[in-house]
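Participant: Before I ask anything, here is the structure I am working with.
Read the figures in this text as sums done on the coordinates, not as results from a lab. All of these numbers come straight from a predicted model, not from anything done at the bench. Using ideal geometry, Cβ is built from the backbone for each residue, glycine included, and neighbour counts are taken over all protein chains shown.
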Amino acid sequence: MPNQSFLLFGKTMNLEKQIEEFLNLLSEANILFRTGIALYLEEGSNGNRFQSRMQLLLHHERELDALSRFIEAHLRTQLIVPELRGDVLQLVEQLSRLQRLLAKNLMEFEAERPAIPVALHGRYAHLSQSVSMAVEVCVEAGHAFFHETETVGQYLSKVAFYEKEADKRAMELVREIFSTNSLSLAEKIHLRRFAEKVDEPANKAEEIAAWLAIFFIRRAPMNSMMT
């Protein structure tokens with residue numbers, strides 16, 4: 001079976017390596033987001049380790065922006081299957097938006113400093129773990145898109161599973177927030193907002209997975225030729 005990355009890029013190994021680096025950085029950004037949430041719960045926005053994770057995530061954002069510009073510029077001339085150019089460019093852009101969302105949402109914890117009661121720490125942590133799994137499997141689907149087309153479907157179903165799990169945990173968290181008598185309505189609304197901020201990357205991952213599913217339905221004849 002021919003290697004799809006060869007079919008997509010021909011002998012342009014540099015472009016293939018840049019895409020691989022792009023996906024690896026996105027996976028690392030996902031880890032930084034999850035650990036950043038955990039450190040915020042542990043030490044607050046002024047903690048050295050939280051600040052360190054946030055700065056690393058911002059550094060990843062800059063690197064990913066530079067890589068996405070390189071990839072987009074070179075895809076216009078070096079993609080060997082021109083019919084796929086628009087779809088590949090869209091996938092790169094959507095994955096870039098996912099990374100920017102991770103960085104933006106962690107920065108909002110630092111900017112707004114939500115006062116999360118200790119009793120809710122576990123709920124936020126468990127939610128961030130489900131979100132992180134959805135994002136990670138989405139990145140794995142990206143790897144498969146470029147290297148093992150026939151395995152993409154199994155990743156998409158996993159993204160859907162973890163996204164639903166994240167939504168379930170987010171709703172449980174919101175219910176607990178609003179059932180707490182010791183919080184004002186304003187505090188409850190603020191905490192709900194940050195439950196949504198933690199959950200949002202999973203929704204974006206699910207959106208990307210849905211797009212990939214449509215892509216493979218639309219491109220089924222071409223996929224069969226490339227395998």
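Participant: Rounded to whole Å and sorted largest first, what semi-axes of the equivalent ellipsoid does the C-alpha gyration tensor of segment 88-178 yield via the square root of 5 times each eigenvalue?
Facilitator: 29, 17, 8
Participant: Can you bin segment 25-127 into rounded, prolate or oblate? Criterion: square roots of the alpha carbon gyration tensor eigenvalues sorted a ≥ b ≥ c, rounded for a/c under 1.5, prolate for a/b above b/c, oblate for the rest.
Facilitator: Prolate, since a/c reaches 1.5 and a/b exceeds b/c.
Participant: Right, something else. Computed from the coordinates I sent, Cα extents along the principal axes in Å equals one of [x] 62, 32, 23; [y] 46, 39, 33; [z] 71, 48, 30. Tell me the label.
Facilitator: Structure-derived value, by its label: [x].
Participant: Can I ask one more? Which order do 174, 131, 88 fall in if you start with the one that has the fewest other Cβ atoms within 10 Å?
Facilitator: The most exposed by this proxy come first: 174, 88, 131.
Participant: Identify which of 134, 160, 115 has the largest mean-square fluctuation in a Gaussian network model of the chain, with springs joining Cα atoms closer than 10 Å.
Facilitator: In this elastic network of the chain, the residue with the biggest mean-square fluctuation among 134, 160, 115 is 115.
Participant: Taking only C-alpha pairs under 8 Å that are 6+ residues apart, what is the relative contact order of the chain in percent?
Facilitator: Value for the chain: 26 percent.
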